[in-house]
1. Any chance you could count how many residues in the stretch 202-226 are buried (at least 22 other Cβ atoms within 10 Å of the Cβ) and in contact with a Lys or Arg (Cβ under 6 Å, 6 or more places away or on another chain)?
2. Here are some conditions: (1) at pLDDT below 95; (2) of a type outside the set (A, V, I, L, M, F, W, C); (3) surrounded by 14 or more Cβ atoms within 10 Å (Cβ to Cβ); (4) on the phi < 0 side of the Ramachandran plot. Residue 532 meets all but one. Which one does it not meet?
3. Quick test of your reading of the structure: residue 102 fulfils all but one of (1) of a type outside the set (Phe, Trp, Tyr); (2) surrounded by 24 or more Cβ atoms within 10 Å (Cβ to Cβ); (3) at pLDDT 95 or above; (4) in contact with a strand residue (DSSP E or B) (Cβ under 7 Å, 6 or more places away or on another chain). Name the failing condition by number.
4. Go through (1) in contact with a helix residue (DSSP H, G or I) (Cβ under 9 Å, 6 or more places away or on another chain); (2) without any contact (Cβ under 8 Å) to a residue 40 or more places away in the chain; (3) among the small types (Gly, Ala, Ser) for residue 26 and report which single condition fails.
5. Any residue in the stretch 383-392 that is out of contact with any helix residue (DSSP H, G or I) (no Cβ under 9 Å at 6 or more places or on another chain), modelled with pLDDT under 95, surrounded by 17 or more Cβ atoms within 10 Å (Cβ to Cβ) and under 22 Å from residue 18 (Cα atoms)?
6. Can you name the number of the only condition in (1) crowded, with 23+ Cβ neighbours inside 10 Å; (2) at pLDDT 95 or above; (3) of a type outside the set (Gly, Ala, Ser) that residue 430 fails?
7. Please enumerate the residues belonging to the stretch 299-325 that are loosely packed, with under 14 Cβ neighbours inside 10 Å and over 24 Å from residue 26 (Cβ atoms).
8. Condition test on residue 289, is it closer than 25 Å to residue 120 by Cβ and modelled with pLDDT under 95?
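The values are calculated or read from the model by the stated rules, or taken from the named source; none is laboratory data. Just so it is clear, the model here is predicted, and its values are computed rather than measured. No Cβ is skipped: glycine too gets one built from the backbone with ideal geometry, and neighbour counts run over all protein chains shown.
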Amino acid sequence: MSFSKILVANRGEIACRVMRTARTLGYRTVAVYSDADTAAPHAAMADEAVRIGPAPAAESYLNIEAILDAARRTGADAVHPGYGFLSENAAFAKACADAGLVFIGPPPEAIATMGDKAGAKRRMVAAGVPTVPGYLGDNPSDECLTIEAETLGFPLLVKAVAGGGGRGMRLARSTAELPEALAGARREAQAAFGDAALMLERLIANARHIEIQVFADAHGNAVHLGERDCTSQRRRQKVIEEAPSPIVTPDMRETMGRDAVAAALAVGYRGAGTVEFIVDAQLRHYFLEMNTRLQVEHPVTEMVTGLDLVEWQFRVAAGEALPLHQEQIRFEGHAIEARLYAEDPYAHFAPQTGTVLHFRPKDGLRQGVRIDAGISEGGTVTPYYDPMLAKMIAHGRDRDDAIRRLIAALEDAPLLGVANNGRFLRDLLDHARFRGAAMRTALLDEWSSNDEPILQAPQPTEADWQVAAAVFAGPIGWRPSSVALFDLTLSCGGETRTVRVGADGTAIPVLLHSAKDGRQRYTHDGITRHATLHRDGDTLHLARDAAVFVFREASPLPAAETRNDPAIARASVAGTVARLEVGAGDTVVAGQTLAVIEAMKMEMRVTAGAAGIIAAVRVLAGTQVEAGAILMELDIEDHPCLPMTKPS
């Protein structure tokens, strides 16, 4: 089972992460890329790279034959699937084996067993692993699911049988919410997994999400590498993960670890896997699912164990026994990972696209900090793939030490050009609920509904405005030096200010000093500080304390169009028109859903800002649209509301 050249059937930071270990161990690597990723870092990092298709994942990263053809053409003899895409696809694992390739992952049979969430729960019951009460979808019709839901009681989760990663999952709090939850989960499950079958699970109130990293080899050995706490989530997508969990006791760790190993052995597992549990307020744990792949959050386990999990994957795939027995595994310190997403947490976590203008992760590399990224300056963030751009990980002697280091890393290495959740992550890490280990899986969604202060966009300070004005008034401006004073009109975050400045910035109570690699030193009110800046024409991106503010110099000319016209429904994000809810001639009321856009694993509802009649529909279902694209035109009544886009 030896191999020497590994094709990484993935993209972004996980492809780069796998290649780093492969290079260290002397393996050659092959990257695959879509048209959207021609200049992506993972394609440049590999020894060889092969184009496998257009931007949509279904035509590239999910195209099994294209990936196998890339392996044949380059002479690769092993495939690492990363996570996402085909990583938990049993047919892909089997196709690799049939093609004579070593699949660096579990056997196809184990993937198939654990990929069937209902079947996996049956196996866990047989193995004595506690599971959440629910209905396993023996009859997946809406009629039967409705009857079973009434029996189970609400609230409950509707879940894709073939699901994972939060896809194909909806919450139903009552019978009235069930039909929409079933329809939404079916549609998303079919699109993500090609299987619309559903199951039901009782919702565990006040829950925490804790998972156990397991490893097994082909020699009958299996171990666990401790737990990770993944409770901080929005819409069932993880945001912050840490190891160890702040609530898990040694006895609880031993019990959960034993159950996780039993789960792996019950399906003849091999390689890296994660057994996910939901933990209730009484600290009772219940099996949720097993992810038959490496997890996004594996770095925190690596940091507390000192092990390279990708290296372990290579060893197991090559037929070796596990390097350590259970009693030899040690844990040291505390590690926390924060996922940097291309999303706006202050607008219902709406996905974002654009060009990366500034991102220099080495700026955040303090002691104990690791940054795994799959983007680089000048790269484009598209709507085709997952919104995660990078992972910021910190290791400390204890939890407070890790939190402090991670906050500093987020502040030191901001991303400019694409709206992201960097400041939100920083504030969440410092929030009393997180510091006090009092998070729950539903808490961030509750905050989003209740407009909690942490989800209110930060505002630029007086110093930020003055720094921006000084930059615009500097020698790179268009004004002649003979102009002594003038009014400079800037806008930022919906606010517009007029500042009187001198042509050289001397009238502004801020003094700019040296600038290097985007870091600007300035003095304000007798204190010298730093900010990260990027000037792009009449736009200035300014990052401070992990927040990014975009200043624009107002044009003296009137705007050619307005994006706030309630007679025009626009896409607020780039993505695919998943479906149209109304047609030309239909009468709509304010707030009614007009269309649904899918972008970056999320569905966004475009709603009517005012009552009226649909005058024209400008797009078809399945169409790719850019942010701001006109979807529909309305004949409206006089109404002050504006069109909105919200996550469904």
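1. Result for the stretch 202-226: 2.
2. So the condition that residue 532 fails would be (1).
3. (2)
4. Every condition holds for residue 26 apart from (1).
5. So far as the stretch 383-392 goes, yes, one or more of its residues are out of contact with any helix residue (DSSP H, G or I) (no Cβ under 9 Å at 6 or more places or on another chain), modelled with pLDDT under 95, surrounded by 17 or more Cβ atoms within 10 Å (Cβ to Cβ) and under 22 Å from residue 18 (Cα atoms).
6. (1)
7. Scanning the stretch 299-325 gives a single hit, 325.
8. On the way: closer than 25 Å to residue 120 by Cβ: yes; modelled with pLDDT under 95: yes.
In short, yes.
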